[in-house]
Amino acid sequence: MKTIIKTDKLCKTFSTGGVQQHVIKNMDLEIKEGDFTILMGSSGSGKSTLLYALSGMDQPSMGKIYFGEQEISTFRNDQLALFRRMNCGFVFQNIYLLDNMNVLDNILTNGLLVSEKKKEIVSRAKQLLLRVGLTEEDFKKFPASLSGGEAQRVGIVRALINQPKIVFADEPTGALNSASGKDVLDVFTEVNQTGQSIVMVTHDVKTALRGNRILYMKDGTIQGELHLEAYTTNNLDARRSKVQYFLDEMGW
Ligand SMILES: Nc1ncnc2c1ncn2[C@@H]1O[C@H](COP(=O)(O)OP(=O)(O)OP(=O)(O)O)[C@@H](O)[C@H]1O
Ligand SMILES: [Mg+2]
């Protein structure tokens, strides 16, 4: 498989009140096309920061990031914005929907920035919304009248509408009960099976089982990596105990 993202000694440092905090430290990381990468690690280990850097939402302090052949770490802000729009989907820890637009329009604004095929975008938006458990009545609702979990699912559809090459998701099922969490994860699995890459942060073992590899972060570095390809999803028990064993080893 081709490499979609590669980092070379990636560093991210924040300075607050004259104090420097090295949040990502000299990280060399490679993500292949079609990978479903799970990022785990304790709170504060740098998972969200890494996601922001990899996706071009934030500039690294030092080091390089390649997307395919392009070195995106040298991009100007306008180049980065275009790059993100054409290639990436995002699900944030907090979903920001536009308050003055209904559910469907929130998704269409994202879709229509990239494609002119309005009919196709509308039909894909509706299909995805139903797929994550929203109803046709929900399409016309405004964000203020949605529950946290409903808003989260609208955010997920918005991230997927352009069929991005790679989707970055930061605890996408954090606000969901187990039934709608499962619907959402099933959508991610389907999207991954069509060849789109996913990088997902989670604190949840069940969610982690969806990936083909788990990266465990500690203090801004990758402390360990587990490949799950050998443990098929047909034998979930074996997969689960492998993951549990790995996390125990990591001190999770
Ligand atoms: N914009 C910022 N300015 C200053 N410090 C920051 C900033 N963003 C993150 N940090 C610091 O970097 C560290 C890592 O934060 P990050 O959000 O990446 O952790 P995380 O692994 O995603 O944690 P969680 O599991 O709680 O979401 C924290 O100590 C945080 O305070
Ligand atoms: Mg985080």
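Nothing in this text is a laboratory measurement; each read-out follows from the coordinates by a stated rule. No experiment lies behind these values; they were computed from the predicted model shown. Heads up, the Cβs are rebuilt from the backbone with ideal geometry, glycines too, and the neighbour counts pull from every protein chain shown.
Some values worked out for this structure:
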quantity: Alpha-carbon radius of gyration plus Dmax, which is the widest Cα pair, for the stretch 1-45 in Å; calculated: 13.8, 44
quantity: Average projected area [Cα convex hull, the chain], square nanometres; calculated: 14.4 nm²
quantity: Relative contact order (percent, whole number), the chain, Cα cutoff 8 Å, 6+ residue spacing; calculated: 25 percent
quantity: Tail beyond 19 Å, pair distance distribution of the stretch 1-95 (Cα, percent); calculated: 42 percent
quantity: In nm, spacing of pseudo-spin labels at K141 and Q21 (7 Å Cα→C-beta vector); calculated: 3.5 nm
quantity: Separation in nanometres of the label points that stand 7 Å from Cα toward Cβ, at K2 and A238; calculated: 3.3 nm
quantity: Antiparallel content of DSSP bridges confined to the stretch 74-230, in %, to 5; calculated: 40 percent
quantity: Inter-site label distance for Q59 and K119 at 7 Å from Cα along Cβ, in nm; calculated: 4.5 nm
quantity: Cα Rg, Dmax, the stretch 180-252, angstrom units; calculated: 12.5, 34
quantity: Segment S178-Q223, length gained on full extension (0.36 nm per residue, minus Cα span); calculated: 13.3 nm
quantity: Stretchable slack from Q79 to V205, in nm (0.36 nm times residue separation minus alpha-carbon distance); calculated: 41.7 nm
quantity: Proximal lysines to K6, defined as alpha-carbon separation beneath 18 angstrom and excluding residues fewer than eight positions away on the same chain; calculated: K25, K32, K47, K64, K165
quantity: Candidates per GluC sites (Glu not before Pro) in the stretch 83-138, loop by DSSP, up to 10 other Cβ within 10 Å; calculated: E116
